[in-house]
Amino acid sequence: MALLRRIWIATILVNLVVLIIFVGLSALQFGNINSGLVGDRLGVLAERTAAPFEAAAKIGLPLSTVRNAKALLERARQFDEEIINILVFDASGAVVHSTSVEAPARISAEAMVTRNAAQGEPWYKETKEGFLSSIDIVSSKGATAGGIMIVYPRGGSFTRVLAMTAELAFVAILTLALSTLAGYFLFRFALRPQLLQFESIEENITNFEKAAWRHAAGQGWDNSLHSKHDANMELYELLMHTEDNYDTIGKSLATERGSEK
């Protein structure tokens, strides 16, 4: 049973490590996919919101002169009430319109760097402010007149990732419990011959050690132990005979040395 217990515990530990790695990697993958989906959705919304501002830029009007700009942005924000802010900025990054009362004077330096690296393409980035999704507004001459940027909270995405992680963890725990029970009975019956053989060898060694210590203490060999294992009687008899020969030879040598002196 000791061998079975060690094999069983080792199997449980291996399964546990594998399931932990699986849950961790799956949660990371889900987080990346979820972030990508949020970015795509915000990108589509930003593109729709930019249409009236781009029409004004095409005829050479500054973005700051667009009428009802705040109403246009607020209507776009109603597509998702979780949106923190939708803002319009000019080519220099200065904010000219926003749905937030406390709008920043300029877009953040991190957003500006990402915008420049995008080279006019729609971009999406996850920052400490939240999810940022932006699209440039191009004038009639092909120059960048500014852009639309949507700020979306990270809390909702984080909650979804936690919920998915909790579901995966529950499934992993259930899988571990079932595999643990199945593994115990599988090992118990599949390895039964090997386990019985191992236990027999272990018991024989233990009995021999006990008999050896009794003999060393002068109590003689306990032959009652041998009757339990008839198949190993020859081995015990050989060991006892060898021990007696060793004692006899030792006494003879001691006698010879004493007579020589």
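The values are calculated or read from the model by the stated rules, or taken from the named source; none is laboratory data. Every value quoted in this text rests on a predicted model; they were computed, and no experiment measured them. Note that we place each Cβ from the backbone using ideal geometry, even for glycine, and neighbour counts take in every protein chain shown.
Okay, residues lined up against (1) at pLDDT 90 or above; (2) small (Gly, Ala, Ser):
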position	(1), (2)
51	no, yes
56	no, yes
66	no, no
70	no, no
75	no, no
81	no, no
87	yes, no
92	no, yes
95	yes, no
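Scan segment 121-140 and give yes if some residue there is at pLDDT below 85, more than 23 Å from residue 157 (Cβ to Cβ), exposed (fewer than 14 other Cβ atoms within 10 Å of the Cβ) and among the β-branched types (Val, Ile, Thr), otherwise no. There is no residue in segment 121-140 that is at pLDDT below 85, more than 23 Å from residue 157 (Cβ to Cβ), exposed (fewer than 14 other Cβ atoms within 10 Å of the Cβ) and among the β-branched types (Val, Ile, Thr). For segment 141-166, the tally of residues that are surrounded by fewer than 14 Cβ atoms within 10 Å (Cβ to Cβ) and free of Cβ contacts under 8 Å to residues at least 40 places away in the same chain stands at 8. Consider residue 19 carefully, then state whether it is in a helix (DSSP H, G or I), within 29 Å of the chain's Cα centre (by Cα), loosely packed, with under 13 Cβ neighbours inside 10 Å and assigned by TED's automatic domain parsing to the domain that holds residue 133. No.
If only one of 55, 50 is of a type outside the set (Ser, Thr, Tyr) and in contact (Cβ under 8 Å) with a residue 40 or more places away in the chain, which one is it? The conditions single out 50.
Is it the case that segment 173-180 has a residue that's assigned by TED's automatic domain parsing to the domain that holds residue 48 and in a helix (DSSP H, G or I)? No, segment 173-180 contains no residue that is assigned by TED's automatic domain parsing to the domain that holds residue 48 and in a helix (DSSP H, G or I).
Within segment 92-108, identify whether any single residue is among the hydroxyl-bearing types (Ser, Thr, Tyr), farther than 28 Å from residue 71 by Cβ and surrounded by fewer than 18 Cβ atoms within 10 Å (Cβ to Cβ), and answer yes or no. The answer is no; no qualifying residue exists.
The set of residues in segment 78-91 that are surrounded by fewer than 19 Cβ atoms within 10 Å (Cβ to Cβ), of a type outside the set (S, T, N, Q) and within 20 Å of residue 44 (Cβ to Cβ) comprises 79, 80, 81, 82, 84.
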